[in-house]
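Taken together, the values in this text are just the output of simple stated rules run on the coordinates, not laboratory data. Owing to the predicted nature of the structure, the values given are computational and were not obtained by experimental measurement. A quick note on method: Cβ atoms are made from the backbone with ideal geometry, for glycine too, and the neighbour counts reach across all protein chains shown.
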Amino acid sequence: MPMPPSNREARLLRFSVFEVDVAAGELRKNGARIRLQEQPFQVLTALLLNPGQVVTRDELREKIWPVHTFVDFDHSLNTAVNKIRESLGDSASSPRFVETIARRGYRFIAPVEVRADNVTTGVTTSSTVWDEGTRAGAPALHGPDPATEIGLHPELHVPVPRRDLVRGLFGLIQMMYLIFYVSGLAHLRGADRVANRFLPGWRALFIAGAVLVTGAAGIPLRFYLLSAVAFDFRKLGGTFARLFPLILALDQLWAIAPFLLVPQIGVGLAFAATAALLYVPFSERTLVRMAYRRQS
């Protein structure tokens, strides 16, 4: 496997908050040792010594699993990569460190700092930040992102969360609105009576009509968003951005729904619930951006 000359004597390889001591065979996070078995460690080292480059499965087989070794190579390699991702808190579906190149091999996509004998030899020239375009083989034309170096989201500059948690929160919000819509339509006559109490005449009729129209339109929209996040639709980021003006208008309108419950909850609690609901569409947008980077 070809390696840059400076990497052949590499002793310490640093990326984000992690450090690999090649000589000691240790992986550390913020100085604390992380247990990683020998073969996963060798695979990780091979990827770190070739940052930004595709390391093929055949190259890994030749380096780590010699010909005379009788093992199920595909299973062993997949297991090793999974253990690496588990140790790094990485994800195959939204990788920060180890990217799978289908039917070819793997690529380490975060910046790597190489040190030999405790002297920094410089950040490897191939350790550029790889954006969505690099998935098609074209490297980004900019250098390492400081946010990526310390494990922050490249757009929002917050610690990168677990995608499953983010997607789950987004799904719960969609379920909340579905319950709003179904409940509003099921109690449409009651909503009309409450509206007539405070806004008699045509204005009460307008509110009842708005509940009917927006509830009927919102149900399929929420089902679409629920199915998109459940099946991990990778273009949800761009789709949600295009739908956001409609979602914002719909959510801001339904934010006043608690006032239809004033007889039961009182004016103060209705104001508090409305204030919280006014923020929800912006939290939806943030959650989507955390889990799905927009693709052009």
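Brief remarks follow.
- Residues whose amide H comes within less than 5 Å of that of I101, counting only those at least five positions distant or on another chain, are Y106, R107 (H built at 1.01 Å from N in the peptide plane).
- Calculated from backbone phi, Karplus (6.51, -1.76, 1.60) coupling profile of segment 37-46 in Hz, x at Gly/Pro: 5, 4, 5, x, 5, 5, 5, 4, 4, 4
- E86/Q264 FRET efficiency (R0 41 Å; Cβ-Cβ; nearest 0.05): 0.25
- Computed lengthening from I34 to A241, 0.36 nm per intervening residue step minus Cα-Cα distance: 70.6 nm
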